[in-house]
Amino acid sequence: MGRLDGKVAIVTGAARGQGAATARLFVSEGAKVVLTDLLEDEGQAIAAELGDAACFVRHDVTSEDDWQRIAKLAVDRFGRLDVLINNAGIMQNTPVVDCSVEEFRKVLDVNLVGPFLGMKAVAKVMGETGGGAIVNVSSIQGLVGRAGTPGYTASKFGLRGLTKTAALELGAYGVRVNSIHPGGVDTPLIRDAVPEGVEVTQDMLDASHAHLPIPRVGRPEDIAPTSLFLASDEASYITGAELVIDGGMICGYGAGTSD
């Protein structure tokens, strides 16, 4: 306990799934957390559950003005800013030949431009209070391709590269930048990608991942501890790294078959 004592974090996409699990874990480890999302009711409910250590703010990650507002709010509310978890993202399942330019750009805006704007907004703020850590949530699809997801895969590969550049540049502010690469995780994002009318259960998802060395789908609680580690002082000499959390999926056991 207390691995994030005294730290203040922003977690985007925190109203449900992986973001909510991360926010809960961070608070349990002593952090104050600003939860952001477009899903206001769900976000407010998670913040209320976490009490005085958390607050929720509606946030469009594609808006530079919103990012400036969120960074200022974190400092005004909790006195500093130490951690950013760029978790918000959207999925897309349309083959290249059928994918519209608008759909492709929308995914890039949320999954890639959003984290860029976030890093731009927080780096100097973190530097003013001694530095900090940024964790960009990419995917195994930032490491291997997958048919039918041109925008999503491009955005996650792009985020991987952006992380490397930011790590090189933001060290001057005392800010470490790393990426994590989950495989299949049982979140609303993956459930919403299933065709309409198909009932999705955890047992079904576990069965579809039974070929992995760890033979089940990931849970949000499997991913959050890696963000915790990278956000903590335990990772004080780690930057520009990419950590894979996929149950062994890209070790030759069905790379690219799920997310």
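Looking at (1) part of a strand (DSSP E or B); (2) under 20 Å from G114 (Cβ atoms); (3) open to solvent by 40 Å² or more (accessible area, probe 1.4 Å), which is the only condition K164 fails?
Here K164 meets the rest and fails (1).
Inspect the stretch 77-88 for any residue being surrounded by fewer than 16 Cβ atoms within 10 Å (Cβ to Cβ), in contact (Cβ under 8 Å) with a residue 24 or more places away in the chain and on the phi < 0 side of the Ramachandran plot and give the result as yes or no. Before the answer, list the steps.
The first filter runs over the stretch 77-88 and keeps only residues surrounded by fewer than 16 Cβ atoms within 10 Å (Cβ to Cβ), leaving 77, 79.
Restricting the remaining residues to those that are in contact (Cβ under 8 Å) with a residue 24 or more places away in the chain gives 77, 79.
After this cut, where a residue has to be on the phi < 0 side of the Ramachandran plot as well, the list is 77.
Within the stretch 77-88, one or more residues are surrounded by fewer than 16 Cβ atoms within 10 Å (Cβ to Cβ), in contact (Cβ under 8 Å) with a residue 24 or more places away in the chain and on the phi < 0 side of the Ramachandran plot.
Of all residues being of a type in the set (D, E) and assigned to a loop (DSSP other than H, G, I, E, B) in the stretch 1-45, which is least open to solvent (accessible area, probe 1.4 Å)? Just the residue, please.
At the first step, the residues of the stretch 1-45 found to be of a type in the set (D, E) are 5, 29, 37, 40-42.
If we keep only those that are assigned to a loop (DSSP other than H, G, I, E, B) as well, we get 5, 29.
Working: D5: 103, E29: 18 Å².
Residue satisfying both the conditions and the ranking: E29.
Consider only pairs whose beta carbons are under 7 Å apart and that are at least six residues apart or on different chains; among these, list those whose first residue lies in the stretch 52-68 and is part of a helix (DSSP H, G or I) and whose second residue is among the charged types (D, E, K, R).
From residues that are part of a helix (DSSP H, G or I), the pairs are A53/K32; D66/D60.
Name the residue, out of P150, P95, that is open to solvent by 20 Å² or more (accessible area, probe 1.4 Å) and in contact with a Cys (Cβ under 7 Å, 6 or more places away or on another chain).
Going through P150, P95 in turn, just one is open to solvent by 20 Å² or more (accessible area, probe 1.4 Å) and in contact with a Cys (Cβ under 7 Å, 6 or more places away or on another chain): P150.
Looking only at the stretch 54-71, which residues are within 24 Å of R3 (Cβ to Cβ) and either out of contact with any strand residue (DSSP E or B) (no Cβ under 9 Å at 6 or more places or on another chain) or open to solvent by less than 20 Å² (accessible area, probe 1.4 Å) (or both)?
Matches in the stretch 54-71: A54, C55, I70, A71.
Only residues in the stretch 118-129 that are within 19 Å of V61 (Cβ to Cβ) count as the first member; pair them with residues that are open to solvent by less than 30 Å² (accessible area, probe 1.4 Å) and in a helix (DSSP H, G or I), Cβ under 6 angstrom, at least 6 apart or cross-chain, and list the lot.
Qualifying pairs under 6 Å: G118/W67; M119/A166; A121/W67; A121/A71; V122/A71; A123/L170; V125/A71.
Does I245 qualify as being at pLDDT below 95, aliphatic (A, V, I, L, M) and under 24 Å from K164 (Cβ atoms)?
Details: at pLDDT below 95: no; aliphatic (A, V, I, L, M): yes; under 24 Å from K164 (Cβ atoms): yes.
Spelling it out, it is not the case that I245 is at pLDDT below 95, aliphatic (A, V, I, L, M) and under 24 Å from K164 (Cβ atoms).
Listed here are the residues, each with its yes/no results for (1) touching a helix residue (DSSP H, G or I) at 6+ places or on another chain (Cβ under 8 Å); (2) outside any helix (DSSP H, G or I); (3) at pLDDT 90 or above.
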site	(1), (2), (3)
V177	yes, yes, yes
H181	yes, yes, yes
V194	no, yes, no
V200	yes, yes, no
L205	yes, no, no
A224	yes, no, yes
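Is it the case, given these coordinates, that A74 is under 26 Å from S236 (Cα atoms) and either open to solvent by less than 50 Å² (accessible area, probe 1.4 Å) or without any contact (Cβ under 8 Å) to a residue 12 or more places away in the chain (or both)?
yes
Scan the stretch 170-201 residue by residue and report those that are of a type in the set (D, E) and in contact (Cβ under 8 Å) with a residue 12 or more places away in the chain.
Answer for the stretch 170-201, where residues must be of a type in the set (D, E) and in contact (Cβ under 8 Å) with a residue 12 or more places away in the chain: D186, D192.
Is it true that A210 is in contact with a helix residue (DSSP H, G or I) (Cβ under 6 Å, 6 or more places away or on another chain) and over 22 Å from E103 (Cβ atoms)?
No, not satisfied.
Identify, from the list I85, I90, the residue that is closer than 24 Å to V177 by Cα, part of a strand (DSSP E or B) and within 17 Å of the chain's Cα centre (by Cα).
I85
Would you mind stating whether V185 is farther than 20 Å from N111 by Cβ, in contact with a strand residue (DSSP E or B) (Cβ under 7 Å, 6 or more places away or on another chain) and crowded, with 16+ Cβ neighbours inside 10 Å?
Details: farther than 20 Å from N111 by Cβ: no; in contact with a strand residue (DSSP E or B) (Cβ under 7 Å, 6 or more places away or on another chain): yes; crowded, with 16+ Cβ neighbours inside 10 Å: yes.
The answer is no for V185.
Restricting attention to the stretch 122-136, does a residue exist that is part of a helix (DSSP H, G or I), within 14 Å of M91 (Cα to Cα) and not charged (D, E, K, R)?
Looking for residues that are part of a helix (DSSP H, G or I), within 14 Å of M91 (Cα to Cα) and not charged (D, E, K, R), one finds none in the stretch 122-136, hence no.
The values are calculated or read from the model by the stated rules, or taken from the named source; none is laboratory data. Since the structure is predicted, the reported quantities are computational estimates derived from the model, not experimental observations. As a convention, Cβ positions derive from the backbone with ideal geometry for all residues, glycine included, and neighbour counts pool all protein chains shown. Just so you know, the surface numbers come from the protein's heavy atoms only, side chains and all, with ligands and any DNA or RNA stripped out. Shrake-Rupley method; radii C 1.70, N 1.55, O 1.52, S 1.80 Å.
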